[in-house]
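To start, the structure itself, in structure tokens.
The values are calculated or read from the model by the stated rules, or taken from the named source; none is laboratory data. These figures come from a predicted structure and were not determined experimentally. Side chains are part of the model used for accessible areas, which takes the heavy atoms of the whole protein and leaves out ligands, DNA and RNA. Shrake-Rupley method; radii C 1.70, N 1.55, O 1.52, S 1.80 Å.
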Amino acid sequence: MSAPVHTSPHPATRAGADSRLPWWALALPALAFTALLLLILHPSGAHAAGGDPAITHLFERIEQLATR
């Protein structure tokens, strides 16, 4: 004895080129990246103990370029 097969009235759609992301799926990672970058460039009161001068120089240069 076989069970009856139930079919849905609407065929299932596959996620492809026509599927869209919500606005926050792109905005939140961009916002998080920007916030972390600003924290790296402008640390408020954080003092590193014996940091590498080459990395410090690199971050200072990035900060100068970002403020132009």
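A few notes on this one:
- Only listed residue being part of a helix (DSSP H, G or I), hydroxyl-bearing (S, T, Y), open to solvent by less than 80 Å² (accessible area, probe 1.4 Å) and at pLDDT below 85, chosen from T34, T56: T56
- Within region 21-31, considering residues that are open to solvent by 100 Å² or more (accessible area, probe 1.4 Å) and more than 9 Å from the chain's Cα centre (by Cα), the one farthest from I62 (Cα to Cα): L21
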